[in-house]
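Only the coordinates and a few stated rules stand behind these numbers; no lab work does. All of these numbers come straight from a predicted model, not from anything done at the bench. Counting neighbours? That spans all protein chains shown, and the Cβs are built from the backbone with ideal geometry, glycine included.
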Amino acid sequence: MAAVGVLWGLMSWRSRRRLEQWGDKKMFGRLIPDAKRWRPATKMALTLTGATLIVVALANPQIGTKIEKGKRSGSDIAICLDVSNSMMAEDLQPNRLERAKRVVANLMSEMTGDRVSLVVFAGESFIQMPLTGDYSAVKLFLDQIDCSMVGTQGTAIGDAIEKSMETFGWGDPDREWKTSNGRAIIVISDGENHEDDAVGAAKKAAKEGVRVSTVGMGLADGAPIPNHSPRSRGYGYKRDREGNVIMTRLNEQMLRDIAEAGKGVYVRADNSGNLSEIKSMIENLEKKDFEEASFSAYESRYQYPLVAGLLCLLAEVLIFERRNKKWKIF
């Protein structure tokens, strides 16, 4: 707006200079008695001010003057995500791991007041994201997950279940543990468990009121595991010591046994993204009130600059460049 004002000033100055070339400026008052120099300047100032105020109103200025408190009601959900090398198989597009991330995002899209934690596992497990109600933060951490996060290869589902219990506060001497039906663990894996007693871990969790459900990633026919290392000389597949291509297959029986022991449900993920049974299980969990959340309540104040801007534009219309003798306005 300032640039427009400067440009208008330069054009007005240039126009006056041209008029002075055609006659004595002392005669201008006689030739044009009703013309006043302040009128065009005032009209331009009002136009620029009005336009500026309307732009400010469109920006929706807000002020925060009070703190409000709100209650959240929901369940606690721990999601265990398999990041072993077998999750890079491409029997699900684009691969099992990326499809598993979409499963997590799909589940979270229908959550409202639930709290979520993330646990990643391969030969060992660790907590990627503690229990939180900030879904944006969970999605941010979810995007960073890949198969290089855990150095020890394998599939230790039992250890991942125990880590998930820790995110609920189980085994923490500083937190009081109460058995309830408002907690659930969702294991997303291809089921090739070779490390520990996953079924036993699921049974222990179920005794504490935590339901353990599983989502199978992959196809029963299996698929080779891509190998993108420099030794593979481009796109290749992992091989055993005899040089045979390693095939990884979905172990549905293992995942069914875990879900049965954990009093949960088992679903097989496919390209259609059908997770209705898992979603129904989450909806039927016991809900509880979490601690109150405080936040600033911002109120819009766009109406004040909008009204002021419109008044400026109205005043600009009412001011003529020459005095109107008939209406006797200005």
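Key figures for this structure:
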| read-out | value |
| --- | --- |
| Theoretical gain in end-to-end length, residue 180 to residue 90 [0.36 nm per residue, Cα-Cα removed] | 28.5 nm |
| Amide H partners (placed H, <5 Å) of residue 236, local residues excluded | 227 |
| Separation in nanometres of the label points that stand 7 Å from Cα toward Cβ, at residue 302 and residue 55 | 1.7 |
| Gain upon complete extension [residue 127, residue 284; 0.36 nm per residue less C-alpha separation] | 54.0 nm |
| Length-normalised contact order of the stretch 72-289 in % [C-alpha pairs under 8 Å, at least 6 apart] | 24 |
| Amide proton proximity set for residue 132, modelled H, under 5 Å, gap of 5+ | 116, 117 |
| Set 71/203; 178/263; 178/203; 139/287; 203/288; 207/287 screened for pairs whose C-alpha atoms are more than 21 Å apart | 71/203; 139/287; 203/288 |
| Fully extended contour minus Cα-Cα distance, from residue 148 to residue 42, at 0.36 nm per residue | 31.4 nm |
| Per-pair calculated FRET efficiency, R0 = 41 Å: residue 62 and residue 276 via Cβ, rounded to 0.05 | 0.50 |
| Sparsely packed chymotrypsin sites (Phe, Trp or Tyr not before Pro) within the stretch 145-206, loop by DSSP, other Cβ within 10 Å at most 13 | 177 |
| Residues 136, 164, 125, 75, sorted so that the one with the fewest Cβ neighbours within 10 Å comes first | 136, 75, 125, 164 |
| Shape call, the stretch 72-289: gyration tensor on alpha carbons, a/c limit 1.5 | prolate |
| Cα gyration tensor category, rounded, prolate or oblate, for the stretch 109-179 with a/c compared to 1.5 | oblate |
| Cα centroid separation - the stretch 90-155 against the stretch 39-60, whole Å | 51 |
